[in-house]
Amino acid sequence: MSKQRTVTFNHNPLLRHGLPAWRPRAVMLGLMACSLALIGRAMYLQGVNNEFLQAKGESRYARVLEVPATRGRVTDRHGDMLAVSTPVRSIWAIPTDVNLTPPDARKLAGLLEMDVQELNRRLAAGRDFVYLKRQVSPESAQQIADLKLAGVHQQQEYRRYYPGGEVMAHVLGFTGVDDKGQEGVELAFDGTLAGKAGARRVIRDRRGQIIEDVEAIRAPRDGQDLALSIDAKIQYLAYSALRQAMQTHKAKAGASVVLDARTGEVLALVNAPTYNPNNRSNLSGAQLRNRVLTDVYEPGSIMKPFIVGLALDRGKVQPGTIIDTSPGRMTIGRATISDSHRNGALTVAQVIQKSSNIGTVKVAMHFSPDEMWRLYDDLGFGKPLNLGFPGEAGGRLRPAKTWKPIEQATMSYGHGVSVSLIQMAHAYLAFARDGELVPLSLTRLDAPPVGGKRIFSAATAREMRGMLELASGPGGTAPKAQVAGYRVAGKTGTAIKLEGAHYTNKYVSSYVGLAPASDPRLIVAVMIDEPSAGQYYGGAVAAPVFAQITEGALRALGVAPDAPLVPLQLAQKQGAVVPARENM
Amino acid sequence: MKFVTALSGWISSRNTGGIGSDTSRAVNRLMRPQTPARDLDPLLIWSAAALLLIGLVMVYSSSIAIAEGSKFTGYQQYYFVIRHAIFLAIGVVGGLMAFQVTMRQWQQFAPLLFLAGLALLVIVLIPGVGREVNGAQRWLPLGPVNLQPSELMKLFAALYAADYTVRKLPDMGSFRRGFLPMAITIVLVGFLLLREPDFGAFVVVAAIAFGVLFLGGINVRVFVLLAIVAVIGLALLVWLSPYRRDRLFGFMDPWQDAFGKGYQLSHALIAFGRGEWFGVGLGASVEKLFYLPEAHTDFLLAVIAEELGFVGVLTIVVLFAILVHRAMMIGREAIKLERYFSGLVAMGIGLWIGVQSFINMGVNTGLLPTKGLTLPLMSFGGSGIVANCIALAILLRVDWENRQVMRGRS
C-alpha cells in the first residue's frame, strides 16, 4: 500500500489531496446507468414480454367456471310433474384457508347437519379442495354464507326431486350427485334431459373469491322436458293394487305393467318392493330391481294362446276341433307331461279355458320347431324390447335346431323358455290389436303408430280373444279377473320357479289380460313372485290384482262399459275359489 | 399553523443567534408554498414530496385487500394506510426538527450517534427484547410502535462515514490508517446485521460507508482491492449458504420453480406484464389480492407497475434519479465550498437512497436476487419512513447552509 506519509505542515491537508471531482461524477454516472437499466427492464417486461407474463398470470388466477344447466323435467302424459330439478348449493372449502374458532365451527357444523368432529376431520384432509357437504338447501347455504368464513365457498348445483316418490321410482330411476342419470328414465333419456353446462371465464383472488367476470365462453343449454307415456293415476292404481296383493299373499316381490292397446304406450309400470328416490340411503338391490323389465321367468300357461293362435291362423285346427287329452298324461321320449286334472276330450277353446297342457302340446305338434321358433321370435321373445332402459332383459329362447321334441312340447305351455313381464304384455298386443304388434313406447306419442307387424289375422285374434274371455269367465281358470261393467279376456300362469337347474316348490303367479274384450283398450300384466300365504295359482293371486287395476284404469280413461252392469262378483263370496281347475 | 408558529418560536428561543431566527424563517417559508422557497432546493423538495405522497396512495391501494382480509388487522381496510400516514407525519415533524440541527452539531454527534446505533443493533439481538417477525429479529417494541434500528443505522452510517473521512483525510491514501479502521467497523456492523438477519441493510450500510470513503478520496488501488475482496466474500457467502444460493438462482429463472422459490418474483413479474404501458388502473391490481406477498412493503413497485403501468414505473425511477442527482449536486456544492463533512453527508444520503431504491426496484423487476429491502420514502414501514424524512431534512440543511455560505452569511 501507499507508504506516502501525509504528515504535512499544511493547515489544510485537502489543499494537497483534494476531493477528486471525478469520483462523484463516476458515482452519479453509475447510479444513472442503474436507472436506465431499470427503465429498460421495465420496458421489456411491460411492453415486450407482457403477453408471456399475462399468460402466466391467467394460468394462476383465471378459471373457467361451469355454469350449470337445468335438467329437463319429466312429466306424465297429462303434464303432471314426476321429476323436477331444484336449486341447491354445495359447500366446499380450501382447508388451508379455513381457520375456524370453536363457536364458528359449531355453527357451521350445525348448519351442515354434521358433528364438529366430522367437520374437523374433513378440514384436516391434506388437499386443496374438499366438499364439506353437497346439495345443501338454499336457506342453509345462505346462513352459511352469512357466517363469512374464510376458505369456505359455495357452488350452485341442482338436485332432482321426485314428487311421485316410491310409486314412480322404477320408471324414473334417479340421478347421481353430479346430476347424471343413473337408473330408469333418467338414464335411458339422459341425452335428452341433461342440459349442457355453459362456461365462463373469471378471475379469482388467491382465496377463491371471484373478482371479475371476464367473458362468457358458452351459454348453458337447459335440458329438454320429457313427457312420459305413464298415466300417473293408473300408475298409483297399479301400485296400490300390487302392494295390497303383496301383503295379502305375503309375496316376495311383484310387478305389473299396463299398456295402451291402441298405441303401445306404457301407461303404468310398477314394482314391489320399491324405494323412495328422494332418500336413497340404505338402499338394497332388491328394492332397486325393475322386475317388469329386468327379471325373466318361465311364464307357464300364459304362453299357451300363442301356439293355439298360430294353429287357428294356419287352419290346422278350428275353435271347435276336438282334442283328446285323456288320460291326462302323455309321454314324449323318456319324459312324461301331465294335466292336473283329467279333462277327457276338449275343444280347442276349452284347452285354453281349462288350460290343458296336453291339449296345447297336441296343437303344437302340428308345427316344426322352426315354425314355433319363428312365432316366438316374431312375438319378441328372446331379445330385449329396446326401450332404452338399463338392464332390460331379453329372456331365453334357444335356436330351433337345438330343440328336442320334449322341449318343443314344454315350450308350448311356457316352460323351457323365459320372458320378462313386459315382453309378455307386449306379445298380448297381437290379440288386442287384431293380430298386429307395435313397438312399446315410454314417452307420450302424438299419433298412434302405423304399420305394425302382423302376427295373426284379425279373425284369429278375435277368436283368441273369445277363448281368453272364456278363460276368465265362470268356467275358466280366472273368474276373479272379472270386472264389473266390462268384458275381460286373459290367461293365468302359474310357474314353478327354477333355481339353478332344479324346479323348487316356489311359484310365480301371473296373469295377462285385455279389456274391454269387445274392443281392447288396455293390456294389464301382473306377476306375483313367491306368494306364501297358501294360495299360489295365478287365478287366485294375480287375477284379482288385474281386476282391480283394470276396473280403475278403464274408469279413469272413461272407456264405455261393454257388459251389462250385473254384479258378477256377488255370485262368489270371497274365499270361494276355484283353484281346482288350474293348471300349471 | 399554530403548531408551526409554536415550533418556530420554540426554535428561536432555543437557538439564540443569527442562524436560529433565519431557521425559523426558513421553516415558515417551507410551510407556506406561496412564498418562493429560494432558500431550499425546489427539485429536491418536490421530487421527495411526490415520492412520499405517491407512496402513501400506493401503500393504501396495495394493502386494502390484505388489511381487510386479515384477522391480524381486525379486518380494517385502513389499517396500514393510517399507520403509514401517522409515520409520515412523525417523519415530517422529525425532519423539521432535524433541519434545526447545524451540520457542525451533526458532525460533533456523528460518532456518538453511530455508537448509539451499534448499541441498538446489539439490544435488538437480545432474546426477549428484540421482536421477531417471520424469522428475523429486527424490531424493538416501543409501546405502540416498533423501532427498526437497522433503518436508523443507515443514516448514522452516512454521518459517521463522512465524519471519519473528514478526520482521516490525510490518511486516505493509506490502507492501514485510512481504510482498515472503517473496514473493521463495517464488518462489526455487518456481523450484527447478519445476526438478525438483515442482509439487505448490511449491503446498504456497506455501500454508504465505502461509497463515502471512495468519494472522500481513498486510494483507488485500495478500493479496487476492496471491491475484489467484497465480490469474492459475497460469492463465498452465497455459495456456502444454500438459502442465499437458492435466492440467487431463483431470481435467474423464476419460472423454473414458479410455485416454490420463484413464487414471489414470478408474481412481481406478472404484475409488470399486466400493467403494460399505462397500467390496469389505480386500485385494479389482481396481484395484490393475496397473490403477491409483501405487496405494500418490498414489492410496492410491482403493484405500481400493474396499476399505473410503465408510465408509473418511469415516473418513480425518474423521481428517484432527480432526488439522487440533487443530493450529489448539493454534496459537490458543499465540497466546493470546502464544507467537506456536509458534502460527504449529502452524497452519503444520496448513495443510500440511490442504492436502496435501485436494489429494491432491481429485485422487483428481476434484475437482482430477492432480498428484504423496502423502497425508500414509499414502502410501508415506520422506522424507514422516519429515517428517510430525517435524512431529507439533513440534505436540505446542507443545501440551506450552502446557500447561506454563498450569500456570505456564514
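Using every pair of distinct Cα positions in the stretch A:362-455, the Kirkwood expression returns a hydrodynamic radius of 14.4 angstrom.
Dipole of the protein assembly as shown computed with +1 at Lys/Arg Cβ and -1 at Asp/Glu Cβ about the Cα centre; of A:Gly395, A:Ile523, A:Ala55, farthest Cα towards the positive end is A:Ala55. Within the listed set B:Ile126, B:Ile353, B:Ile270, the Gaussian network model of chain B (springs between alpha-carbon atoms below 10 Å) gives the highest mean-square fluctuation for B:Ile126.
Placing unit charges on the Cβ atoms only, positive for Lys and Arg and negative for Asp and Glu, gives the stretch A:319-387 a dipole magnitude near 280 debye about its Cα centre. For the protein assembly as shown, the alpha carbon convex hull comes to 238 Å³ per residue, rounded to a whole number. Since only A:Ser284, A:His366, A:Ala533 are under comparison, the one whose Cα sits farthest along the positive direction of the charge dipole of the stretch A:232-573, derived from C-beta charges on Lys, Arg, Asp and Glu, is A:Ala533.
With the simple model of a label 7 Å out from the Cα in the direction of the Cβ, A:Asn278 to A:Ser59 spans 4.9 nm.
Measuring gaps between exposed loop sites in chain A (chymotrypsin sites (Phe, Trp or Tyr not before Pro); DSSP loop; at most 11 other Cβ atoms within 10 Å), the longest gap, sites not included, is A:130-584.
Residues B:Leu125, A:Leu193, arranged from fewest to most other Cβ atoms within 10 angstrom of their Cβ, appear as B:Leu125, A:Leu193.
Order by neighbour count: A:Ser137, A:Ser355, fewest other Cβ atoms within 10 Å first, most last.
On the way: A:Ser137 14, A:Ser355 32.
Ascending number of Cβ neighbours within 10 Å: A:Ser137, A:Ser355.
With Cα atoms defining each centre, the stretch B:285-306 and the stretch A:158-201 are spaced 47 Å apart in the structure.
The distance between label points at B:Phe72 and B:Phe191 comes to 3.2 nm (points 7 Å beyond Cα on the Cα→Cβ vector). Taking B:Ile228, B:Ile322, B:Ile349 as the candidate residues, the one with maximal mean-square fluctuation in a Gaussian network model of chain B, Cα springs under 10 Å, is B:Ile228.
List the DSSP H helices in chain B whose Cα atoms stretch 27 Å or more along the helix axis and whose mean Kyte-Doolittle hydropathy is at least -0.5. Numbers along the way, then the final one.
Values: long enough: B:42-68 (38 Å, 1.82); B:79-99 (30 Å, 1.87); B:103-123 (29 Å, 1.26); B:220-240 (29 Å, 2.83); B:300-336 (43 Å, 1.63); B:340-365 (36 Å, 1.07); B:382-406 (36 Å, 0.73).
TM-like helix candidates: B:42-68, B:79-99, B:103-123, B:220-240, B:300-336, B:340-365, B:382-406.
If you line up the long axis of helix A:22-43 against the longest principal axis of chain A, both from Cα atoms, how many degrees apart are they, to the nearest 10? Orientation of helix A:22-43: about 20 degrees from the principal axis. Summarising the amide proton neighbourhood of A:Ile211: residues at separation of 5 or more, or on other chains, whose placed amide H is nearer than 5 Å comprise A:Ile203, A:Arg204, A:Asp205. Separation of the stretch A:433-469 and the stretch B:82-140, taken as the distance between their Cα centroids, equals 103 angstrom. Counting beta carbons within 10 Å around each of A:Arg291, A:Arg398, A:Arg334 and listing the fewest first gives the order A:Arg334, A:Arg398, A:Arg291. The amide H of A:Tyr158, built 1.01 Å from its N in the peptide plane, has A:Val88 as neighbours under 5 Å, considering only residues 5 or more places off or on other chains.
In debye, nearest 20: dipole of the stretch B:101-240 around its Cα centre with unit charges on the Cβ of K, R (+) and D, E (-)? Numbers along the way, then the final one.
Values: 10 positive and 6 negative charges, 73 e Å.
Value, rounded to 20: 340 debye.
Starting from the alpha-carbon convex hull of the stretch B:107-190, give the projected area averaged over all orientations, in nm². Display every interim value, and only then the final one.
Values: hull surface 25.3 nm².
Computing the convex hull of the Cα atoms and averaging its projections yields 6.3 nm².
What number, in percent, do you get for the relative contact order of the stretch A:232-319 if the mean sequence gap of Cα pairs under 8 Å and at least 6 apart is divided by its residue count?
Values: 76 pairs, mean separation 18.4, N = 88.
The value is 21 percent.
Relative to the dominant Cα principal axis of chain A, helix A:102-112 is inclined by about 30°.
Here the Debye sum runs over all C-alpha atoms of chain B as equal scatterers in vacuum, and log10 of I(q)/I(0) at q = 0.07, 0.14 Å⁻¹ comes out as -0.33, -1.36. At most 14 other C-beta atoms within 10 Å and a DSSP loop state: those are the exposed trypsin sites (Lys or Arg not before Pro) I care about. Give me the longest piece of chain B that has none. That would be B:72-406. In a reduced charge model with +1 at each Lys and Arg Cβ and -1 at each Asp and Glu Cβ, the protein assembly as shown shows a dipole moment near 2740 debye about its Cα centre.
Mean sequence separation of contacting Cα pairs (under 8 Å, at least six apart), scaled by the length of the stretch B:101-240, corresponds to a relative contact order of 24 percent. Normalised by the number of residues in chain A, the mean separation of alpha-carbon contacts (under 8 Å, six or more apart) gives a relative contact order of 13 percent. Checking every one of the chymotrypsin sites (Phe, Trp or Tyr not before Pro) in the stretch B:263-368 against DSSP loop status and a limit of 15 other Cβ atoms within 10 Å picks out B:Trp277, B:Phe278.
Amide H contacts of A:Ala253 (H built 1.01 Å from N, in plane; Pro and chain starts excluded): A:Asp529 sit under 5 Å, all sequence-distant by 5 or more or on other chains. GNM remark for chain B: springs join alpha carbons under 10 Å apart, and the peak mean-square fluctuation among B:Leu269, B:Leu215, B:Leu234 falls on B:Leu234. Extent of the stretch A:232-573 along its three principal axes (Cα atoms, max minus min coordinate, largest first): 56, 48, 45 Å. In chain B, taking the dipole from charged Cβ atoms about the Cα centre, the farthest positive-side position among B:Gly74, B:Leu237, B:Leu392 is held by B:Leu392. Between the Cα long axis of helix A:138-147 and the first principal axis of chain A there is an angle of about 20°, rounded to the nearest 10.
The chymotrypsin sites (Phe, Trp or Tyr not before Pro) of the stretch B:76-145 include none that meets both criteria, a DSSP state outside H, G, I, E and B (loop) and at most 10 other C-beta atoms within 10 angstrom of the site's C-beta.
Full extension of the chain segment joining A:Glu118 with A:Ser240 gains 39.8 nm, where the gain is 0.36 nm per residue of separation less the Cα-Cα distance.
Coordinate-derived values only; no laboratory data. All figures in this text were calculated on a predicted structure; none of them were measured in a lab. Cβ: placed from backbone, ideal geometry, glycine included. Neighbour counts: every protein chain shown.
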